[in-house]
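Notes follow once the structure below has been shown.
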Amino acid sequence: MNTEELRKLAAHTRSMREMGIALIGASLLLALFLLIPKTPNEPLPALPATVVLAAPDAFANVPLEAKAAVVYDLATGETLYAKNADAQLPLASLTKLLTVYAALLTLSPDTPITIPESAISVEGPRTFRVGQTFSLADLSRLTLTASLNDGAVAIASATAERENLSQSDMLAGAAAALGLSQTYAVNGSGLDMNSAVSGGYGSARDLARLAGALSELAPGVAEATTFSSAEAVSEGGTSFTVGNTDPMVASIPRLLLSKTGFTDLAGGNLVLVFDAGINHSIAVVVLGSSPKARFTDGATLVYAALAHFAGVASL
């Protein structure tokens, strides 16, 4: 074998050796890759929690003239808005809500109520004559709608007589039955006893619960207060039509009850119960406002409540 052939053979051998070494190295790397245990995948980082934006406060900075007020969710027992809601203040004719509630707890709606002599001596508004007789339900509808003092006296007198109690004790019993710790009444009409003593006292929160209880106990009586007038016929056949003391009943959506009150000691008071949804009753109570501002205060709180449930700042 000549020199050139030897040189080619050596080069070929060297090339084959290098390829073998490369193959061995690749095999070792593959073996290492297969033999080394795999580490489990690291868990993905948790996604940031969804940011929940707070709903706007529909009751923020509501302008009220009232000394005390409340928006009370009768369906849940939640207080949606409060301004001095537990302050004990004069009730004026809101006391009639307690009078009618106490009567309907004790007497049947069909119970005949006769107007007594004592009823026609009270301050107005008065409508009836001594001896006229109505069913309790009819007299209650007229009395609450037009805030009739003679009707309230007749209802309170008949109920107290049936229970063999004084009017104040009879009314106290009804308040206690509902757990109204801030509420008591001296008379059934709510008229001031004198320049220093009111006929009835209570808190806005108590009155909200009372109005809700009356609406549930006697929905027909409560409904009568949501129209511009109420009508009834006495047992003697005399027809009566009275106007509502609340001029804005037609402007409150799904109204279930309305009751006004005003005396010198109380100022302007108002109770409204309305349905904010399907069977979701809300009570709005305004105490110690002015005769005119009680209505604007009440409407402001009603529409703030509706905005609250709509999740917006205002309507």
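Answer yes or no: is there a residue in segment 181-195 that is of a type in the set (Gly, Ala, Ser) and over 25 Å from Leu107 (Cα atoms). Yes, the conditions are met somewhere in segment 181-195. Here is the figure for segment 175-204: residues that are over 12 Å from Ala102 (Cβ atoms), of a type in the set (S, T, N, Q) and in contact with a Gly (Cβ under 9 Å, 6 or more places away or on another chain) total 4. I'm checking my understanding of the structure. Among residues of segment 287-311 that are assigned to a loop (DSSP other than H, G, I, E, B) and of a type in the set (Gly, Ala, Ser), which one is surrounded by the fewest Cβ atoms within 10 Å (Cβ to Cβ)? Going through the qualifying residues, I end up with Gly311. Taking residues in segment 178-192 that are within 10 Å of Arg209 (Cβ to Cβ), and partners anywhere that are assigned to a loop (DSSP other than H, G, I, E, B), the pairs with Cβ atoms closer than 9 Å and at least 6 places apart or on different chains are Leu180/Ser203; Thr183/Gln88; Thr183/Leu91; Thr183/Ser203.
For segment 226-249, the condition holds for at least one residue, the condition being that it is at pLDDT 95 or above and at positive phi. Taken over segment 196-214, the criterion of being surrounded by fewer than 23 Cβ atoms within 10 Å (Cβ to Cβ), within 19 Å of Leu255 (Cα to Cα) and not charged (D, E, K, R) is satisfied by Ala213 alone. Cβ-Cβ contacts under 6 Å between residues 6 or more apart (or on different chains), taken from a first residue in segment 199-227 that is under 22 Å from Lys67 (Cβ atoms) to a second residue that is among the hydroxyl-bearing types (Ser, Thr, Tyr) and assigned to a helix (DSSP H, G or I), are listed as Gly199/Thr95; Gly200/Thr95.
The values are calculated or read from the model by the stated rules, or taken from the named source; none is laboratory data. Not measured: the values here are computed from a predicted model. In this analysis, Cβ positions are derived from the backbone assuming ideal geometry, glycine residues included, and neighbour counts consider all displayed protein chains.
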